[in-house]
1. B:Ser196: net charge of surrounding residues, Cβ under 15 Å, Lys/Arg +1, Asp/Glu -1, itself excluded?
2. Summing Lys, Arg as +1 and Asp, Glu as -1, what charge do residues with Cβ under 15 Å from the Cβ of B:Ser120 carry, B:Ser120 excluded?
3. Under 14 Å between alpha carbons, and skipping anything fewer than 8 positions from B:Lys182 in its own chain: which aspartates and glutamates qualify?
4. Would you be so kind as to identify which of B:Gln58, B:Ala109, B:Trp187 lies farthest towards the positive end of the dipole of region B:2-231, taking Lys and Arg as +1 and Asp and Glu as -1 on Cβ and the Cα centre as origin?
5. Mind checking which aspartates and glutamates have their Cα closer than 19 Å to the Cα of B:Lys247? Skip sequence neighbours fewer than 8 apart in that chain.
6. May I ask you to compute the full-extension gain from B:Phe183 to B:Val197, defined as 0.36 nm times their residue separation minus their alpha-carbon distance, rounded to one decimal in nm?
7. Suppose every K and R has +1 on its Cβ and every D and E has -1 on its Cβ; what is the size of the dipole of region B:2-231 about the Cα centre, in Debye to the nearest 20?
8. Counting helices only, and only those DSSP H runs with n ≥ 4, report the 222 nm mean residue ellipticity of the protein assembly as shown as the sum of -39,500 (n - 2.57) divided by its residues, in deg cm²/dmol to the nearest 500.
Amino acid sequence: MIDTLLGTQYGGFIASSFAISATVLIALILWVWLTFRSRRKALKALDDAGFGRNG
Amino acid sequence: MNAIVQKASRKGRLSALANPARFLALVRVTWPGLALATIVAFTIGLYLTFSVPDDYQQGRTVRIMFIHVPAVWMAMGAYMVMVSAALGVLVWRHPLADVAARAAAPIGAAFTFLGLATGSIWGRPMWGSWWEWDARLTSFLVLLIIYLGLIALWRAIEEPARSARMAAIVILVGALNIPIIKFSVDWFTTLHQSASVLRLDGPTMPPVFLTPLLVMGLAYLLFFLTLHLLAMRNEVIRRQIRTGQRKAAQAARTEQIARGKKQ
């Protein structure tokens, strides 16, 4: 696999397109995960203060 | 929790999922399976991608196609999800429709960016150019601008019902760009080859390249479905937070008025 990526004339193009794709897909996962974490925390704070879903 | 999901599926209606508790329970049950399927599909797809022989014209750069084409498919697929959601907002007024559209937009924008970036990187060695203002590339760039415009629109308008309606109208108008992207290679003289997979008379691509492309397409689709469900969950929670904050603000105001009267 590494040879396919780097051992050719166009290895840099192949490697960079896969690297950009991996970065963007991982960034999407992080965005969803971090957003969920912070919103869950905010919702819990509201729940505890009595203004949440059951407040 | 399972009882809630079973009840929702028994009803067999989207309206059953309008209840946030039911929807959140459904997401909790479905996302791990979808995520696992995504990992399996990506593992097989990447293995096939690096096992194929070199193309007689593109050489090893043909491997870029296996991440470029699925990204383009999903960029347009995400937009079609938003079109269905926009109809849900305007016609059926389903509470989850705007949630679905809002959650799909950033993911669709990311896929559009990936389609443009990987296409540009492939174009440099194959066409000798990073960018050409041809019909396919330009209409695809317009798709990215539409996505970004919609995200800005949702952020700019505070009132939820108004922002949902306005975004739905913009989504439906922007949908005109989807057939332009798809058929631009037939309608105009472009650098792009004509369609070789999604054709009425079947794919013209040899199976050795078609198989990894379809597996990677499936992996991207599963990735989108997983992330879209989770992003929808985040949006539902955001709305619950906003409702809670309103309650808190109202309580603070009532307390302030009561204190003022005492004084």
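Read the figures in this text as sums done on the coordinates, not as results from a lab. A quick note: this is a predicted structure, and the numbers were derived from the prediction, not measured. Virtual Cβ from ideal backbone geometry, glycine too; neighbours counted across all protein chains shown.
1. Values: positive: B:Arg136, B:Lys182, B:Arg199; negative: B:Asp55, B:Asp186, B:Asp201.
Net charge around B:Ser196: 0.
2. The answer is 0.
3. B:Asp134
4. B:Ala109
5. Counting by Cα, and skipping residues close in sequence, B:Lys247 has these aspartates and glutamates nearby: A:Asp47, A:Asp48, B:Glu158, B:Glu159, B:Glu235, B:Glu255.
6. 3.7 nm
7. With Lys and Arg at +1 and Asp and Glu at -1, about 960 debye.
8. About -27500 deg cm²/dmol.
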